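Scroll down for the structure; my scribbles are underneath it.
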Amino acid sequence: MYPVIRLIKERYQHGARPLGLFEPHVSTHICWPWDLDPWMELNNGRTLTLYDLGRIPLMIRTGFIAAIRARGWGMTVAGSHVRYRQRIRMFQRFEMHSRVVGWDHRFVYLDQSMWRNGVALNNLLVRIAATQPSGILPPAQLMAQMGCTDLEGPALPEWVQAWIAADAQRPWPPQISA
């Protein structure tokens, strides 16, 4: 089940305190029993769901949500890559950092990570797309709606560009096993 109560908590805990476009949203979470997999650690699918609890407040606080709602646009995750390095066990607290990295001609890229006692536990690179009835909205249009003057944005880091290039090599549609 989607953690709606936790999302509401995040919304009210951080309120409407705005963030600059590239400022991080930092939140604290607990791994509850219903977040666990059979090995008694944070389930990998639940990890992606919990990243919503950082991404959505970031989008609210930086102005993305207000901009898309004002025009009747939508927002969707268009791709992601997770790197797992440390386990998160039941009742352990962890901190989540979510930030905008930049954008290209199609997507906005976010970097999200979970930390405990200064140690990185996992990391998510996610690309999101603003959508309109005719398809994906160019990020420059979204940035203009948000009042940004630099519509090209900063150059994406090399590691993000490498992921974009590697992902472009994957066949689509995926191949079906016989």
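The values are calculated or read from the model by the stated rules, or taken from the named source; none is laboratory data. As the structure is a prediction and not an experimental result, all values here were calculated from the model. Here Cβ is always computed from backbone atoms with ideal geometry, including for glycine, and neighbour counts include all displayed protein chains. SASA here: full protein model, heavy atoms, side chains in, ligands and nucleic acids out. Shrake-Rupley method; radii C 1.70, N 1.55, O 1.52, S 1.80 Å.
For the reader, a short list of remarks on this structure follows.
- FRET E, pair residue 81, residue 152, Förster distance 22 Å, beta-carbon r, rounded to 0.05: 0.40
- Estimated FRET transfer efficiency when R0 is 45 angstrom, pair residue 70-residue 177 (beta carbons, to 0.05): 0.50
- Here region 1-147 has 56 percent of its accessible surface on carbon and sulfur atoms, given a 1.4 Å probe and all protein chains in place.
- For the peptides 62-74, 103-115, 161-173, the ranking by mean Cβ contacts within 10 Å, running from highest to lowest, is 103-115, 62-74, 161-173.
- Computed extension gain for residue 37 through residue 91, at 0.36 nm per residue and net of the alpha carbon distance, reaches 18.1 nm.
- For the peptides 43-53, 27-37, 76-86, residues were scored by their other Cβ atoms within 10 Å and the scores averaged per peptide; the highest-first order is 43-53, 27-37, 76-86.
- The spread of Cα positions in the chain, taken along each principal axis and listed from longest to shortest, comes to 50, 45, 30 Å.
- Its alpha carbons considered, region 64-167 gives a radius of gyration followed by a Dmax of 15.6, 45 Å.
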